[in-house]
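Q: Structure in structure tokens, see below.
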Amino acid sequence: MPGTAPPEWTQIDLTSRRGGAGQRITAVILAAVGVAGFALSFRSLAPWWWEFALMAFGCAVIVLLAAGLWINAGTSVASTVALQETGAAVVLPVVAAFETSDESLRYQLQLRLPTVDEEFVVHACGDRRCVAAGRAAPDAELPVLLDAAHKTWGVVHDAQGS
């Protein structure tokens, strides 16, 4: 369709299978705590409906957070596996960096993609490798998995390529 903007590049936060499994174990423990909290408070708070309703709401929120963590772990690992299968390992130059220190030291890194249009993507991170690249910009490079066909990319942090 003429006149439409090209699709944007999508950054994938690379998650190893071990990291995804750890997130899912945490989600199961969190859900169990929510269910146990509800079960243990049911008998003692049943006569006071207002306190019981607040406890039930709090436990439901905990279970919903656990479900979100479980789902996010699955999609992150699936996206990482797809990018590893279709993407290529490249090294992208860091053309600009902006320090965004809130509670911890983080940098927003502007990376130049190896495309004809010389497109740029932004990666915000506090990983030690990204902080070092931010301090050394514009003379730094970062290892990236890049899939030009699907317009997806992800910065490789240490051993996350596995």
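Q: What number of residues within the range 23-36 are more than 14 Å from Leu64 (Cα to Cα) and touching a residue at least 12 places away in the same chain (Cβ under 8 Å)?
A: Number of matching residues: 1.
Q: For the condition closer than 23 Å to Ser16 by Cα and free of Cβ contacts under 8 Å to residues at least 24 places away in the same chain, what is the one hit in Arg106, Arg128? Explain how you work it out, then say what you get.
A: Details: Arg106 fails: free of Cβ contacts under 8 Å to residues at least 24 places away in the same chain.
Sole residue among the options that is closer than 23 Å to Ser16 by Cα and free of Cβ contacts under 8 Å to residues at least 24 places away in the same chain: Arg128.
Q: Is it fair to say Arg43 is in a helix (DSSP H, G or I), charged (D, E, K, R) and touching a residue at least 40 places away in the same chain (Cβ under 8 Å)? Can you show your working first?
A: Working: in a helix (DSSP H, G or I): yes; charged (D, E, K, R): yes; touching a residue at least 40 places away in the same chain (Cβ under 8 Å): no.
Here the answer is no, as Arg43 does not meet what is asked.
Q: Among residues belonging to the range 142-162 that are assigned to a loop (DSSP other than H, G, I, E, B) and among the charged types (D, E, K, R), point out the one that is surrounded by the fewest Cβ atoms within 10 Å (Cβ to Cβ).
A: Our first condition is that a residue be assigned to a loop (DSSP other than H, G, I, E, B); within the range 142-162, this holds for 148-151, 156-162.
Now restrict to residues that are among the charged types (D, E, K, R): 151, 158.
Values: Lys151: 16, Asp158: 10.
Going through the qualifying residues, I end up with Asp158.
Q: Turning to a different aspect of this structure: List, please: which pairs have Cβ atoms under 9 Å, are six or more places apart or on different chains, and start with a residue in the range 56-68 that is over 8 Å from Gly34 (Cβ atoms) and end with one that is among the polar types (S, T, N, Q)?
A: Correct list of pairs: Ala56/Ser41.
Q: Which of the residues spanning the range 131-162 are of a type in the set (A, V, I, L, M, F, W, C), more than 13 Å from Gly87 (Cβ to Cβ) and without any contact (Cβ under 8 Å) to a residue 60 or more places away in the chain?
A: Val131, Ala132, Ala133, Ala136, Ala137, Ala140, Leu142
Q: Just name the residue that is modelled with the lowest pLDDT out of those in the range 100-135 that are among the polar types (S, T, N, Q) and closer than 23 Å to Ala148 by Cα.
A: Thr115
Q: Can you name the number of the only condition in (1) exposed (fewer than 13 other Cβ atoms within 10 Å of the Cβ); (2) modelled with pLDDT of 95 or more that Ile62 fails?
A: Status for Ile62: all satisfied but (1).
The values are calculated or read from the model by the stated rules, or taken from the named source; none is laboratory data. Please read these numbers as outputs of a predicted model, since none were measured by experiment. Every residue, glycine among them, receives a Cβ derived from its backbone with ideal geometry; neighbour counts consider all protein chains shown.
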